[in-house]
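Laboratory data are not the source of any read-out in this text; all were calculated from the coordinates shown. All values reported here derive from a predicted model rather than from experimental measurement. Note that each Cβ is placed from the backbone with ideal geometry, even for glycine, and that neighbours are counted across all protein chains shown.
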């Protein structure tokens, strides 16, 4: 299932941030999948079909990403994204969810779980911003360009240069050939495809900082929601030490699974491997 087939399962829900688009596949208890910056729900297109027999899988497009809108006055931060997810849970009548977060979506998931533990049945975190590692050092040049007001201006050159567009994501894959031109375009066009979108994206990147995650830390230290941490070991953005920090910090943390030689986008590239760990985690949560 890819792009067109995935989009056959699109729905929308109204939030204060704007109309949020999400893909819903499967039946059963709800599972909410949260992507990172500059990707969207398509990052889950390999994983969700492997889990849809056991869950109502909902993959959100965060504000400004994919097919979701972002109201001009709405602040774009990981904290505001967490608030939007809480609205999505209510508006789509998801009830408690098995929350799965990746990349910056993992930071958003941590904040949502800290603010609204009653919404979370289980938590799965893959490589993501943690504590004060936001933005990660590997993003320094991009963040510097955004804070200097130069990122939006570079957007047209990125979009018209397939190699540059591909390079935006390729280091996150073991095999960059796994990353199709179609997927790159689907990721980038919503966030930098127009001057207005590129300006908002620049605002989002420039504003990245640790405040919301640090504010969530006391609640994370009390979070007893069953938690799986699945972490790629060869990720230039998020070192394995952060997986251990999460495992030591969250009282509900159970398994810490190392994805050997995996990189940032392993939930897309190695979906079958991740799905087996998530299935086992969910089954344990169902019995608890």
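Can you tell me the 0 to 90 degree angle between the C-alpha axis of helix 78-91 and the longest principal axis of the chain, rounded to 10?
That works out to roughly 60 degrees.
Simple spin-label model, 7 Å along Cα-to-Cβ: residue 144 to residue 284 in nm?
That separation, rounded to one decimal, is 4.2 nm.
Enter the Cα centre distance for the pair the stretch 219-253 and the stretch 17-78, rounded to the nearest angstrom.
Taking the Cα centre of the stretch 17-78 as reference, the centre of the stretch 219-253 is 22 Å away.
If contacts are Cα pairs under 8 angstrom and at least 6 residues apart, what is the relative contact order of the stretch 98-222 in percent? Write down the numbers at each step before the final one.
Working: 136 pairs, mean separation 40.1, N = 125.
Answer for the stretch 98-222 is 32 percent.
How high is the FRET efficiency from residue 217 to residue 241, r the C-beta distance, R0 22 Å, rounded to 0.05? Mind dumping the intermediate values first?
On the way: r = 16 Å, r/R0 = 0.73.
So the FRET efficiency works out to roughly 0.85.
Find the relative contact order for the stretch 18-151 and round it to a whole percent, using C-alpha pairs within less than 8 Å whose residues are 6+ positions apart.
Rounded, it is 25 percent for the stretch 18-151.
When P(r) over Cα pairs in 5 Å bins from 0, in percent is calculated directly from the model, which label among (i) 1, 4, 7, 8, 8, 7, 6, 5, 4, 4, 5, 5, 5, 5, 5, 4, 3, 2, 2, 1, 2, 2, 2, 1, 1, 1, 1, 0, 0, 0, 0, 0; (ii) 1, 5, 9, 11, 12, 14, 13, 11, 9, 7, 4, 2, 1, 0, 0, 0; (iii) 1, 6, 13, 18, 21, 19, 13, 6, 2, 0, 0 fits?
Derived directly from the coordinates: (iii).
Averaging sequence separations of C-alpha pairs under 8 Å and six or more residues apart, then dividing by the length of the chain, give the relative contact order as a whole percent. All intermediate terms of the calculation are to be shown ahead of the outcome.
On the way: 571 pairs, mean separation 55.3, N = 288.
Relative contact order here is 19 percent.
Taking the chain as the reference, fit the longest principal axis to its C-alpha atoms, fit the long axis of helix 104-115 to the helix C-alpha atoms, and give the angle between the two in degrees, 0 to 90, nearest 10.
Helix 104-115 and the main axis of the chain meet at about 50 degrees.
In deg cm²/dmol and to the nearest 500, what is the mean residue ellipticity at 222 nm of the chain if only DSSP H runs of at least 4 residues count, each as -39500 (n - 2.57), divided by the residue total? Working shown, then result.
Details: 12 runs with 122 residues, N = 288.
Computed mean residue ellipticity for the chain: -12500 deg cm²/dmol.
Considering the chain as a Gaussian network with a 10 Å cut-off on Cα pairs, which listed residue, 156, 49, 226, attains the greatest mean-square fluctuation?
156
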